[in-house]
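Student: Okay, here's the structure, questions in a sec.
The values are calculated or read from the model by the stated rules, or taken from the named source; none is laboratory data. This one's a predicted model, so the numbers in the text were calculated from it and none came from an experiment. Please note: Cβ atoms are built from the backbone with ideal geometry, for glycine as well, and neighbour counts cover all protein chains shown. Just the protein is used for accessible areas: all its heavy atoms, side chains included, with ligands, DNA and RNA removed. Shrake-Rupley method; radii C 1.70, N 1.55, O 1.52, S 1.80 Å.
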Amino acid sequence: MSENCPAKYGGEPIRDSALGYGGQSITDHEKEAVLDALEGDYITRGPTVKRFEDRVADLVGVEHAVATTSGTAALHLTGRAAGFGPGDEVITTPLTFVSTAHAATYTDATPVLADVDSHTRTLDPNAVRDVITEDTAGLIPMHYAGHPPAVQEFLDIADEHDLTVIWDACHGFGGTHRSEPVGSREDMAIFSFHPVKNITTGEGGMVVTDDDDLAERLRRFRSFDMDYDPPGHEDEPWYQVTEGEGYNYNVTDFQAALGLSQLDRIDEFKASRDEIIASYDKAFADIEGLRTPPDAPDSDPMYHLYAVEVRDEFGCDRKEFVNAMHEENIYVQVHYVPLHFHPFFQDEFGYKRGDFPSAEAVYDGLVSLPLFPGMDDSDVADVVRAVERLHAFH
Ligand SMILES: Cc1ncc(COP(=O)(O)O)c(C=O)c1O
């Protein structure tokens with residue numbers, strides 16, 4: 001079989017070892033930081049967590065950062081802090097991970113989906129305007145792949161309709177838009193520090209905000225909704241009371257230590273991601289039927305994903321593309337099966353296939369190619385060769 005034949009059709013796989021679409025980069029420096037934290041007096045809710053929060057607040061340029069056990073937990077806290085509840089409607093994109101909508105569903109509010117702009121793949125402000133009602137309470141735009149949503153338009157809409165904005169910036173940590181750090185605008189933004197994300201703490205997340213009241217509520221809900229110093233009990237140091245139903249979304253100090261040392265490397269991580277993206281952009285510029293990710297004007301995103309769209313002219317469809325890449329030992333992924341395809345959103349909220357044509361048209365071609373700082377030049381070359389070989393074959 002010729003070396004130009006993709007593995008799926010009988011050729012030799014391009015790689016012997018598996019290459020995933022994302023993954024962490026952890027050096028001895030980080031491992032030592034974690035061990036040091038384990039030697040400390042506090043291994044959870046201690047001083048390293050506070051230092052991690054302060055560093056993130058500083059990087060984003062906001063007053064408050066509240067560390068959580070995951071991005072999903074962060075979204076839950078934002079929904080509670082915003083005061084969402086039954087009867088409230090919260091608008092978000094169908095082209096996201098399910099947790100985005102959980103800021104609404106966990107609080108028994110209704111997630112209302114609005115279509116995306118097929119160029120940017122982020123929530124379309126016009127589609128949002130079309131679904132606003134007097135029950136709309138919030139908006140959750142998402143930074144797809146790290147691409148900023150229409151920030152100013154959403155702030156204007158929120159102003160006009162008195163809505164709480166929660167930026168799901170799980171994909172965008174470390175980037176800037178119009179010279180402002182991603183996550184710095186009102187009301188709250190959330191990040192995820194899952195291993196595939198721009199920095200990692202294993203599992204982990206963060207909410208950032210400039211609003212003192214929201215920050216207070218976020219911290220309370222994160223820790224059991226407990227008042228640790230209730231008035232009138234100053235001489236009873238044990239006396240702590242809960243006034244509502246909170247959670248234990250507290251982060252350990254050893255995770256925070258990992259996060260802090262990952263922050264020391266954020267410029268290196270960004271440069272590495274940018275370099276891989278530049279190689280892909282150059283290699284794929286002339287491949288017919290492969291739409292490379294859109295540019296983000298006035299922005300310097302820290303891209304989490306390199307999501308291409310496979311179109312008819314490529315010669316095979318997305319399913320064939322994904323399975324052919326897997327046969328090469330290159331484990332590309334698809335972000336995401338749209339929310340309205342999931343039984344949960346269909347059964348609970350009445351959505352169905354066909355409801356959001358732009359999101360579906362994008363989804364039909366979507367494939368995330370490997371993008372993470374641990375990749376070396378030969379990994380990138382393998383991905384390029386696999387795509388070129390598949391294109392040539394078809
Ligand atoms: C857009 C988006 N929102 C929310 C989440 C949830 O984050 P976590 O996995 O940290 O709970 C993710 C993570 O996959 C995500 O990609």
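Student: Pull up the stretch 278-315, narrow it to residues that are part of a loop (DSSP other than H, G, I, E, B) and out of contact with any helix residue (DSSP H, G or I) (no Cβ under 7 Å at 6 or more places or on another chain), then point me to the one that is surrounded by the fewest Cβ atoms within 10 Å (Cβ to Cβ).
Tutor: Ranking the candidates gives Asp286 first.
Student: Can you tell me which residue among Gly172, Gly183, Gly205 is in contact (Cβ under 8 Å) with a residue 60 or more places away in the chain and on the phi > 0 side of the Ramachandran plot?
Tutor: Gly183
Student: Among the listed residues Val367, Val380, Val387, Val310, which satisfies the condition of being under 15 Å from Phe284 (Cα atoms) and touching a Gly at 6+ places or on another chain (Cβ under 9 Å)?
Tutor: Val310
Student: Something else about it: For the stretch 161-181, name all the residues that are within 24 Å of Lys270 (Cα to Cα) and assigned to a loop (DSSP other than H, G, I, E, B).
Tutor: Residues satisfying the conditions are Ala169, Cys170, His171, Gly172, Phe173, Gly174, Gly175, Arg178, Ser179.
Student: Next question, about the same structure. Among the candidates Ile287, Ile277, single out the residue that is touching a strand residue (DSSP E or B) at 6+ places or on another chain (Cβ under 8 Å) and at pLDDT 95 or above.
Tutor: Residue meeting the stated conditions: Ile277.
Student: Go through the stretch 81-101 residue by residue and tally those that are within 10 Å of the ligand (Cβ to nearest atom) and over 17 Å from Asn126 (Cα atoms).
Tutor: Number of matching residues: 6.
Student: Regarding the stretch 142-163, can at least one residue be identified that is aromatic (Phe, Trp, Tyr), touching a Lys or Arg at 6+ places or on another chain (Cβ under 7 Å) and either more than 28 Å from Gly365 (Cβ to Cβ) or outside the structural domain of Leu371 (by TED's automatic domain parsing) (or both)?
Tutor: The answer is yes; a qualifying residue exists.
Student: Could I ask something else about it? Could we say that Pro230 is over 21 Å from His64 (Cα atoms), open to solvent by less than 50 Å² (accessible area, probe 1.4 Å), without any contact (Cβ under 8 Å) to a residue 12 or more places away in the chain and not β-branched (Val, Ile, Thr) here?
Tutor: yes
Student: For the stretch 115-144, how many residues meet the condition of being touching a residue at least 40 places away in the same chain (Cβ under 8 Å) and within 16 Å of the ligand (Cβ to nearest atom)?
Tutor: Residues flagged as touching a residue at least 40 places away in the same chain (Cβ under 8 Å) and within 16 Å of the ligand (Cβ to nearest atom) within the stretch 115-144 amount to 10.
Student: Being open to solvent by less than 10 Å² (accessible area, probe 1.4 Å), more than 16 Å from the ligand (Cβ to nearest atom), assigned by TED's automatic domain parsing to the domain that holds Gly79 and aliphatic (A, V, I, L, M), is that true of even one residue in the stretch 196-217?
Tutor: yes
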